[in-house]
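Read the structure below first, then the notes.
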Amino acid sequence: MAREIHSQRPYILLTNDDGVGSPGLCAVKQSLDELADVAVVVPDHNWSACGHSKTMHKPLRVRSAKLADGSDAIATNGSPSDCVALVLLGLLKRRRPGRPHKPDLVVSGINPGANVGQDLTYSGTVAAAMEAVIGGVSAIAISLDAYEPTDFAFAAGLVAHLACQVLEAEPSQPLLLNVNVPALPEQEIKGVQITRLGRRLYRDALVERTDPRGKAYYWIGGDPPVGVPEDGTDIGALAQGYVSVTPLLLDLTDYARLPTLKDWELEFPRGLGE
Ligand code: MN
């Protein structure tokens, strides 16, 4: 409805967590251009694994930028979720008064590297999509299961297709889709599975080094994560050569444990503050 009031075409905000120079950004921008007015507001550097953050102790700056194809973008010094918050709070309307206040959809990606299982608690790509949903706007986070992908064409086409479906569905509550694409040639991708989150197995290791003054410093290093390829999960789908589409909620409540916790009868003892 809002779309019809404000514009002939839907209005999509595109962001990412990899920064304005990310190669996946241009591919998805060009794909979304075919169906929508696309505004690109992205961090000015790579924020991968920043999680969901809100910048509150320093000013947010924005500057005009160009993508590799010469199209306009806005780069900010904020996090991926800050980029979404800035737009939902009216940044682009100030810069172009005729523009609707809120986008019809937020797309975040294309991230190099899958975002599956517990990765979602680290992912800046997914955090940007979560920020959209908190602001009442549906969002799609999209990631490619390769750390240095070179071909974004299939994932870019897929996200445009999904964007159409979400916009046409006009969900009464904001919809959050986390999409992961196998790093395979298109003809080898078997299809799409609707999935739940799987279980990551991290192989992080503490790497200790010594600085020039003789003091120890640390990296969280180790090998890239693997995962349990259970059927029905995002990790299982990727392992079998399928795209995974996982609908997400922000409600982290452990519903199964509510009765147990209630049985604990957590009556606090009186006199704790004396
Ligand atoms: Mn990233």
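Some observations on this one:
- Segment 57-80, subset aliphatic (A, V, I, L, M) and free of Cβ contacts under 8 Å to residues at least 40 places away in the same chain, residue least open to solvent (accessible area, probe 1.4 Å): I74
- Within this structure, S64 fails the test of being within 15 Å of the chain's Cα centre (by Cα) and either modelled with pLDDT of 95 or more or within 14 Å of the ligand (Cβ to nearest atom) (or both).
- Close pairs (8 angstrom Cβ cut-off, 6 or more residues apart or separate chains): at negative phi in segment 159-173, surrounded by 11 or more Cβ atoms within 10 Å (Cβ to Cβ) and part of a helix (DSSP H, G or I) anywhere: V159/V28; V159/S31; V159/L32; A160/V28; A160/S31; A160/L32; A163/L32; L167/R3
- Here R200, R196 are screened, and the one residue that is in contact (Cβ under 8 Å) with a residue 12 or more places away in the chain and in contact with a Pro (Cβ under 8 Å, 6 or more places away or on another chain) is R200.
- The one condition in (1) away from the ligand (no atom under 16 Å from the Cβ); (2) closer than 20 Å to V179 by Cβ; (3) small (G, A, S) that G70 fails to fulfil: (2)
- R196 being over 30 Å from P10 (Cβ atoms), open to solvent by 80 Å² or more (accessible area, probe 1.4 Å) and among the basic types (K, R): no
- Residues in segment 104-117 include at least one that is closer than 15 Å to C50 by Cβ, outside any strand (DSSP E or B), at pLDDT 95 or above and within 13 Å of the ligand (Cβ to nearest atom).
- Checking each residue in segment 10-56 for being loosely packed, with under 15 Cβ neighbours inside 10 Å and either more than 16 Å from the ligand (Cβ to nearest atom) or among the hydroxyl-bearing types (S, T, Y) (or both) picks out E34, K54, M56.
- Restricting A128, A146, A153 to those that are without any contact (Cβ under 8 Å) to a residue 60 or more places away in the chain and either in contact with a helix residue (DSSP H, G or I) (Cβ under 7 Å, 6 or more places away or on another chain) or open to solvent by less than 50 Å² (accessible area, probe 1.4 Å) (or both) reduces the list to A146.
- Picking from residues in segment 215-233 that are touching a helix residue (DSSP H, G or I) at 6+ places or on another chain (Cβ under 7 Å) and of a type outside the set (A, V, I, L, M), the one that is least open to solvent (accessible area, probe 1.4 Å) is G227.
- Checking the stated criteria, L177 turns out not to satisfy the condition of being open to solvent by 60 Å² or more (accessible area, probe 1.4 Å), in contact (Cβ under 8 Å) with a residue 12 or more places away in the chain and under 21 Å from T125 (Cα atoms).
Each row is one residue, and each column tells you yes or no for (1) within 12 Å of the chain's Cα centre (by Cα); (2) open to solvent by less than 10 Å² (accessible area, probe 1.4 Å).
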residue	(1), (2)
V84	yes, yes
G90	no, yes
G98	no, no
S123	yes, yes
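- Any hit, segment 169-177, residues being out of contact with any Phe, Trp or Tyr (no Cβ under 7 Å at 6 or more places or on another chain), closer than 17 Å to V28 by Cβ and either away from the ligand (no atom under 16 Å from the Cβ) or outside any loop (DSSP other than H, G, I, E, B) (or both): yes
The values are calculated or read from the model by the stated rules, or taken from the named source; none is laboratory data. All values derive from a computational prediction rather than experimental measurement. Cβ coordinates were reconstructed from backbone atoms using ideal geometry, including for glycine residues, and neighbour counts include every protein chain displayed. These area figures cover heavy atoms from the full protein model, side chains too; ligands, DNA and RNA do not enter into them. Shrake-Rupley method; radii C 1.70, N 1.55, O 1.52, S 1.80 Å.
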